[in-house]
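Asker: Questions regarding the structure given below will be posed in turn.
The values are calculated or read from the model by the stated rules, or taken from the named source; none is laboratory data. Fair warning: this is a prediction, and the values are worked out from it, not measured in the lab. Note: ideal-geometry Cβ built from the backbone for every residue, glycine included; neighbour counts use all protein chains shown.
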Amino acid sequence: MHLLTASNLSVFRGERLVLSNVSFSLPAGGILVLRGENGAGKSTLLRTLAGLTPLAAGALKWDNEDALNDLPSHAKRIAWLGHLDAVKPALTAAEHVPAAALAAVGLSAYAELPARLLSAGQKRRLAIARVAASAKPLWLLDEPTTGLDAASVLRFLALCETHRQGGGMIIASTHTPLELSGVEVLTL
Ligand SMILES: Nc1ncnc2c1ncn2[C@@H]1O[C@H](COP(=O)(O)OP(=O)(O)OP(=O)(O)O)[C@@H](O)[C@H]1O
């Protein structure tokens with residue numbers, strides 16, 4: 001069972017100290033929701049947790065060992081969902097993920113369509129399917145429900161529950177509440 005611990009994280013973007021003294025602890029099966037106004041630093045924190053933006057101070061530990069001193073190993077733990085959905089335009093939806101993962105986001109009927117022809121919400125659903133199919137323990141999700149219709153939000157929440165029940169962890173920024181039980185909220 002894994003444990004992610006952040007202690008007194010401080011992060012600069014350019015010249016500005018965007019985050020200072022951010023601390024949290026996330027156990028296996030835990031979900032942490034990042035809240036805060038535009039520019040509060042939610043995306044910055046997610047980037048930092050992924051090892052994409054460096055820490056100015058503080059420590060990030062995975063199972064009580066420094067998480068960021070071996071970035072290739074850290075990357076293997078993480079599934080990332082950013083604002084730009086990481087779908088490959090020329091590949092079909094079916095070429096991105098197994099059929100069961102496509103079904104879980106309601107895209108079975110679009111399996112043979114190149115990803116470039118999917119709508120914005122469908123692209124996001126395909127990106128969510130990739131995260132769900134990744135088998136990575138830590139999901140880092142930047143505003144995952146943006147652009148999703150109501151049924152797709154429910155499917156996304158179901159995927160989150162399945163991930164958590166298997167001991168997975170989720171950190172997600174959002175401006176809208178996620179209807180999941182046992183959510184920890186970190187306001188930046
Ligand atoms: N590459 C960069 N260089 C300098 N400043 C940056 C850079 N990227 C972001 N910032 C600044 O860092 C601050 C935090 O931005 P961030 O994207 O983390 O906020 P956020 O909470 O995710 O906002 P939103 O709700 O709008 O998505 C903002 O003031 C932004 O202008």
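Yes/no matrix, rows are residues, columns are (1) closer than 13 Å to residue 84 by Cα; (2) at pLDDT below 95; (3) part of a helix (DSSP H, G or I):
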site: 102; (1), (2), (3): no, no, yes
site: 109; (1), (2), (3): no, no, yes
site: 128; (1), (2), (3): yes, no, yes
site: 131; (1), (2), (3): no, no, yes
site: 135; (1), (2), (3): no, yes, no
site: 139; (1), (2), (3): no, no, no
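Asker: When you go through 146, 162 one by one, which is the residue that is of a type in the set (Ser, Thr, Tyr) and assigned to a loop (DSSP other than H, G, I, E, B)?
Answerer: 146
Asker: Condition first: within 12 Å of the ligand (Cβ to nearest atom), surrounded by fewer than 18 Cβ atoms within 10 Å (Cβ to Cβ) and in a strand (DSSP E or B). Now tell me which residues in segment 165-188 satisfy that.
Answerer: Correct list: 187 only.
Asker: In addition: Of all residues in segment 146-156, which are aliphatic (A, V, I, L, M) and surrounded by 14 or more Cβ atoms within 10 Å (Cβ to Cβ)?
Answerer: 148, 153
Asker: Taking the options 88, 61, name whichever one is at pLDDT 95 or above, among the charged types (D, E, K, R) and surrounded by fewer than 20 Cβ atoms within 10 Å (Cβ to Cβ).
Answerer: 61
Asker: Quick check: is even one residue across segment 39-55 in contact with a His (Cβ under 9 Å, 6 or more places away or on another chain), assigned to a loop (DSSP other than H, G, I, E, B), touching a residue at least 40 places away in the same chain (Cβ under 8 Å) and away from the ligand (no atom under 15 Å from the Cβ)?
Answerer: The answer is no, given that none of the residues of segment 39-55 is in contact with a His (Cβ under 9 Å, 6 or more places away or on another chain), assigned to a loop (DSSP other than H, G, I, E, B), touching a residue at least 40 places away in the same chain (Cβ under 8 Å) and away from the ligand (no atom under 15 Å from the Cβ).
Asker: Here's something else I'd like to know. Quick test for you: out of 12, 24, pick the one residue that is in contact with an Asp or Glu (Cβ under 8 Å, 6 or more places away or on another chain), outside any helix (DSSP H, G or I) and among the aromatic types (Phe, Trp, Tyr).
Answerer: After applying the criteria, what remains is 24.
Asker: Among the numbered criteria (1) over 13 Å from the mean Cα position of the chain (by Cα); (2) modelled with pLDDT of 95 or more, which one does residue 116 miss?
Answerer: Unmet for residue 116, out of (1) over 13 Å from the mean Cα position of the chain (by Cα); (2) modelled with pLDDT of 95 or more: (2).
Asker: Residues 186, 154, 126: which one is closer than 22 Å to residue 48 by Cβ and more than 11 Å from the chain's Cα centre (by Cα)?
Answerer: When all the criteria are applied, what remains is 186.
Asker: Could I ask something else about it? Report every pair of residues separated by at least 6 positions or lying on different chains whose Cβ atoms are under 7 Å apart, first residue within segment 143-156 and of a type outside the set (Val, Ile, Thr), second within 16 Å of the ligand (Cβ to nearest atom) and part of a helix (DSSP H, G or I).
Answerer: Matching pairs, first to second residue: 147/124; 148/124.
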